[in-house]
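Asks: Before I ask anything, let me first share the structure, which is written out below as structure tokens.
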Amino acid sequence: MKQPAQPFCVGSLVPVLLAALLWVGAPAAAETTGGGLNKTSALSVGFSIHEWEDDFGLGGTLTSPWFLWNHGALRLSGAVLFKENFDWQPYYSLRAGLVGGSFMKTAAIRLYGEGGFLFVFPHADFDAELFRLGGYGHFGFEFFLDTASWPSSYYIELGSNGILTKDINGTPYLNGFALSCGMRLY
């Protein structure tokens, strides 16, 4: 006679989930950059200037503490952009993404890639839509300063935005090459 199948018990997954959480959230070794900045720094706040397609912008970023042995982080950034061919009319964007990177062994430089969602809130003067959704991706270079009192870095990001936006004249905007540079404080 065939034995009835045992019901699946969620409790049997608890040790596996706990081990996975410990592995993902394990802190990196307390290495420091040339300026004494602990690579396992907590939160970072930054500001930046942008050139996204043909539109100039100013923005701010908030980056989570790095996890996965100092190779991953979450980042939220927002920007006010100015539509060049509509008398510099301002509009807004929000990006939420995942960052993956690593420090160079010979210098206080972090190389990283980032990608995620792009939310655009255009102005009614040039776009009838209230909200647009797309994606973005870029590579970044973060250069840490040799200062112990205010741990900080300068950064450059090169990539693109992928979003289907068209102004009232039918001209695409914000879709294409994106350049950002700025400073982060830890």
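Since every read-out is calculated from the coordinates, none of them should be taken as a lab result. Remember, predicted model here, so these are calculated numbers, not experimental data. Here Cβ is always computed from backbone atoms with ideal geometry, including for glycine, and neighbour counts include all displayed protein chains.
Asks: If the chain between S102 and F121 were fully stretched, how many nm would it gain, using 0.36 nm times the residue separation less the Cα-Cα distance? Intermediate values should be presented prior to the final figure.
Replies: Working: separation 19, 0.36 × 19 = 6.84 nm, distance 3.28 nm.
Contour length minus the Cα-Cα distance gives 3.6 nm.
Asks: How much length would be gained if the chain were fully extended between Y92 and F47, taking 0.36 nm per residue of separation minus their Cα-Cα distance, in nm to one decimal? Walk me through the intermediate numbers first.
Replies: On the way: separation 45, 0.36 × 45 = 16.20 nm, distance 1.50 nm.
Contour length minus Cα-Cα distance gives 14.7 nm.
Asks: What is the extension gain from F82 to F67, computed as 0.36 nm multiplied by their sequence separation minus the C-alpha to C-alpha distance, in nm to one decimal? Please report the intermediate quantities before stating the final value.
Replies: Values: separation 15, 0.36 × 15 = 5.40 nm, distance 3.47 nm.
Full-extension gain reported as 1.9 nm.
Asks: Where Lys and Arg each count +1 and Asp and Glu each count -1, what net charge lies around L145 among other residues with Cβ under 13 Å from its Cβ? Provide the component values of the computation, followed by the final result.
Replies: Numbers: positive: R110, R184; negative: E142, D146.
Within the 13 Å Cβ shell, the charges total 0.
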